[in-house]
1. Using a Cα distance threshold of under 18 Å, what count of lysine pairs results for the range 54-145 when pairs must be 8 or more residues apart or interchain?
2. Just want the ordering: H512, H291, from fewest to most Cβ atoms lying within 10 Å of their own Cβ.
3. Which order, highest average first, do 125-131, 44-50, 564-570 follow once you tally other Cβ atoms within 10 Å for each residue and take the mean per peptide?
4. Order these by the 10 Å Cβ neighbour count, fewest first: Y591, Y475, Y96, Y270.
5. Given Cα pairs under 8 Å that are at least 6 residues apart, what percent is the relative contact order of the range 270-321?
6. Please report how far the C-alpha centroid of the range 198-221 lies from that of the range 315-390, rounded to the nearest whole angstrom.
7. On each of the three principal axes of the Cα atoms of the range 409-466, give max minus min coordinate, whole Å, ordered largest first.
8. Can you find, among T365, H336, I460, the residue farthest towards the positive end of the dipole of the chain? Put +1 on the C-beta of Lys and Arg, -1 on that of Asp and Glu.
Amino acid sequence: MRKLSKNQTGIKLMFCIMGLAFIAMISACSGLNGNSFIEEEVTFTNPVDGAILSGTLTKPSNKGVFPAVILISGSGLQDRDETVYGHKPFKVLAEYLTKNGIAVLRFDDRGAGKSTGDVWNATIEVFAGDALAGIDFLKSCKNVNPYRIGIIGHSQGAMEGMMLASKYNDIAFLIMLGGPGIPWAENMVEANEENLRRQGKSKESIDAGNKLLKKMIPVMQAGSDYEITKNKLYEVVREWKQSLTGTTKTEIEEFDKSHPGFWKTMASDYATPIYMSAVNFIPSQYLKKIHCPVLSIIGDKDVHVLSSLNNPVIQNALDQGGNKNSTVVELNDINHMLQKCETGLISEYAEIEESFNQEVLELITTWINDQGNVKPSDEILNLYRKQSSFTDPGEYAYLYKDLPESMEEICDLIKKQLIHPMEAGKMRDILPEGRAPEDGDFPIVRDMLNELIQRNENGITMNRKPGDRLIVACYHHALLHASILRSQGKSVRLRGGFARYFEDEMKVRFGHVICEVWNPDKEQWVLIDPDRNYIDISSNKFESPAEAWHNFSNNNSGNVRYISSVGEGAQAIIHALLLDQAFILFNERNYWHTPSFLFTKDFNLNNLRNEQLKVLNQIAKLMIVPEANISKLQKLYDDNPFLHTHVRSIMDYYEMIENK
């Protein structure tokens, strides 16, 4: 943060600028990116007034769809790096986050750097609108997860973030760095007093500063016309100076000699629209309406936003509004610029070597990643430990006795019992004549186990001859895997999506079914593909249908084709999306039990009604973090009959596919 200069009239407010003016007055009286991420120069437009904002988008260089944040700067005309006192904190923050898998958009404020736009008439609301335009831009970006776009706002940027998060439900999270909880006007007085106290100023000087602030604030709060407000503020200053006595009067007289015109410039600045909006800003009005996850960080050495005053108010407002995921922290020896410091005073900023404290960087990164790994409730985990009608081994449960518990061994065991039809096509010379895919013959695990015993009664631990195995799809591999793990007391669920490990070879993303197993030690889900015998698959290797739907809808799929057993393109993606939704809702239905609107030879996305597309978009959004949305997903299914599955035979299913 930096103090406004004479030629910066009308720019974004500086926290405690009045207090900092007093500090100046009284003191005078005594990018390396390597290969870890991709950096792009971008522009986007505020549709309200046409301001063109220029910025930098950094994205991880590896394949995948990533969460993203927009950085909103603090007070003053800031460039995209929030350059101040020789530091570039936003550049450091952006590059650190991106190296840890998070895309970041940072941009020059309107009127700064390469950005255009009216600065003179800009209010906090206007600057928040610029940030909103940046969020809309991020939603259209390839490799950005549109359902996990959050805000990191510093100082005034935190205020703008509050505004946006209180109004728009699609903001995934809000991080406030040095953001206020008490009203801005009150914070203005308290911060000024603390700054002067830490500098060792006399009680007389501190009281004099407070007196002037408390007289100026009501004028600013009531102001509307610039010229009238400016003149009233200068009159307040003139009367205040006349009332001074003793040492303070002498200090001000000496200050005036070395700083001619200071008070007129200050009155001019404080009469601008940005200060009019700031002085009436009450954070709790917005915080009570924010329901997305919130992380608020204030350092105990922050002299612009005092943690002791602001933290309790922030937490209380979030609690009153019913926010269920808020973290409000005070960090030791951290200043307003998020640096490790001694005093927290502005005079120290340039002397500090670091631009952004490493521990704060790690805290922010870990917290963001945790928002995508919402821990399921014990009730949900217990649900996924139960056998369903599809996974229940029935009378063949004895076959699971003394099976290994390691994922590698279980997957290896399954591959010795089952053959995927794609593999069977390469084994015609050793398979019994006429043996075809057998998905429809064994729709549930009990039937699978029964047939395995019929073909060879020696259990399911040996390496069966190909002729004794079942020729069944990935869905059946996942069913058997889930059945075995649930018999061992593990929480596991099926997941539908698109395997990207076929992409390099075949240039397609096949619809695929795998398992997701809860790891209690790491407290996170782990993806496992028993069909391919892949353990702990990276999410970059298995694209969720929700992500695929976004990419397809925004023309970000490139030249890659989406294919499933029901069709291609949108038909395949919707098929996988609704199958994945069913799995999350513990309905492990067969993939051929498909909603009727999808089960057509001439499927066309344009034939869907707007209401239907809206429901599909809602499902995709909720499926990004299903743990937090199970009841909503169930309600969408219950309330929309077009999603309901039709129980059909697999023969009918494949007959339709073959006739396409």
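Read-outs throughout are calculated quantities, based only on the coordinates presented, and are distinct from any laboratory measurement. Because the structure is a prediction, the values reported are computed rather than measured. All Cβ positions, glycine included, derive from the backbone under ideal geometry; neighbour counts span all protein chains shown.
1. Lysine pairs satisfying the spacing and distance rule in the range 54-145 number 12.
2. Ascending Cβ contact count within 10 Å gives the list H291, H512.
3. Highest mean packing first, the order is 125-131, 564-570, 44-50.
4. Fewest to most other Cβ atoms nearby, the residues stand as Y96, Y591, Y475, Y270.
5. Averaging sequence separation for qualifying contacts and normalising by length gives 44 percent for the range 270-321.
6. Cα centres, the range 198-221 to the range 315-390: 34 Å.
7. Taking max minus min along each principal axis of the Cα atoms, the range 409-466 gives 25, 24, 19 Å.
8. H336
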